[in-house]
Amino acid sequence: MSSPPQRPSVTADEELAAAIGADRALVLRHVPDDVRTPLEALFQLDSAMGDVVARATQPALGAAKLAWWRERLADLDYGKVPAEPKLRIAASSLLPNGIGGASLAELEDGWASLLEEEVDPARVAARGSLLFQLSGQLLGGDDALLAEAGALHALVSVGRRGVPELLIHARGPATRLKTHRFARPLRPLTSLARFAARDLKAGAPFEPEGSPPRLAAMLRHRLTGRI
């Protein structure tokens, strides 16, 4: 009797891309070693809340699950660390880098807006701005327009995920970033804004995350710093 065919094994890189998105996984491959673990922890938390929204069959149930994440993140500041692996890694890698649970908890609001009858683009953009500001803190860089880059990333990435009406609101940040040049330490992160600008310009069907054209765009952005 022949044995059933074996399923191909999933690599660690594939697991990471499935968890946080191939674009973000690409970013992690281009950051300094000492930043990779905390930045991955930050991306994992944000993506976990995004998954709650994507999988919610009832808005009220999804909102309750997001509230759980918000409350548990806020509790980290008081030394309350539950057994959930992402929260434990956040406590060990983000808090020592000066990123507190209260700041992390604020990411929830942008996702919560997607479960409401009318999505608030400003709240979605604010989540992206906060995500980039916290990530910039880890990378040791700062920029007056980093929040705009985060807003662009958030609005377009959620637009790709099935809320296309957000794309029109991404045009403002894209325009304000058009002639800006980001400092070298921030460029792995701001590559995400570069990808968003490509998506905004090309429109649907969007090119796959982590694809060779995106890697090429990232390498050009690493050289120029321009969106």
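The values are calculated or read from the model by the stated rules, or taken from the named source; none is laboratory data. Nothing here was measured: the structure is a model prediction, and the numbers come from that model. For accessibility, only protein heavy atoms count, side chains too; no ligands or nucleic acids. Shrake-Rupley method; radii C 1.70, N 1.55, O 1.52, S 1.80 Å.
Rolling a 1.4 angstrom probe over the protein chains, ignoring ligands and nucleic acids, what is the accessible area of His180 in square angstrom, nearest 10?
We get 40 Å² for His180.
What value in Å³ per residue do you get for the convex hull of the alpha-carbon atoms in the chain?
Working: hull volume 35.1 nm³, N = 227.
Cα convex hull per residue, to the nearest whole number: 155 Å³.
May I ask you to derive the relative contact order of the stretch 59-186, considering only C-alpha pairs under 8 Å and at least 6 residues apart, and to give it as an integer percent?
Dividing the mean separation by the residue count of the stretch 59-186 yields 19 percent.
Under 25 Å Cα to Cα from Lys201, which lysines show up? Leave out anything in the same chain fewer than 8 places away.
Lys178
Using the Kirkwood radius over Cα pairs, work out the Stokes-Einstein diffusion coefficient for the stretch 118-214 at 10 °C and 1.306 mPa s, in µm²/s as a whole number.
119
Name the residue, out of Ala193, Ala151, Ala22, whose mean-square fluctuation peaks in a Gaussian network model built on the chain with Cα pairs under 10 Å.
Per the Cα network of the chain with a 10 Å cutoff, Ala22 tops the list.
How large is ³J(HN,Hα), in whole Hz, for each residue of the stretch 196-204 in order, when computed from phi with the Karplus curve 6.51 cos²θ - 1.76 cosθ + 1.60 and θ = phi - 60°, using x for Gly and Pro?
4, 5, 4, 5, 5, 6, 7, x, 6
For the chain, what does -39500 (n - 2.57) per DSSP helix run (n ≥ 4), summed and divided by total residues, give at 222 nm, in deg cm²/dmol to the nearest 500?
About -20000 deg cm²/dmol.
Decide, for the stretch 1-115, between rounded, prolate and oblate: order the square roots of the alpha carbon gyration tensor eigenvalues as a ≥ b ≥ c, take rounded if a/c falls under 1.5, and otherwise choose prolate if a/b is larger than b/c, else oblate.
Working: a/c = 1.98, a/b = 1.30, b/c = 1.52.
It is oblate, given that a/c is not under 1.5 and a/b is not larger than b/c.
Quick one: Karplus J couplings for the stretch 222-227, per residue in order, coefficients 6.51, -1.76, 1.60, θ = phi - 60°, nearest Hz, x for Gly and Pro?
4, 7, 9, x, 9, 7
Along the stretch 33-45, what does the Karplus equation 6.51 cos²θ - 1.76 cosθ + 1.60 (θ = phi - 60°) give for ³J(HN,Hα), rounded to whole Hz, x for Gly and Pro?
Coupling constants for the stretch 33-45: 4, 6, 9, 4, 5, x, 5, 4, 4, 5, 4, 5, 5 Hz.
With all protein chains present, how much of the accessible area of the chain (probe radius 1.4 Å) comes from carbon and sulfur, to the nearest whole percent?
Within the chain, the accessible surface is 54 percent carbon and sulfur.
Non-local amide H neighbours of Val163 (under 5 Å, H modeled in plane, Pro and chain starts lacking H): which ones?
Placed amide hydrogens put nothing under 5 Å from Val163.
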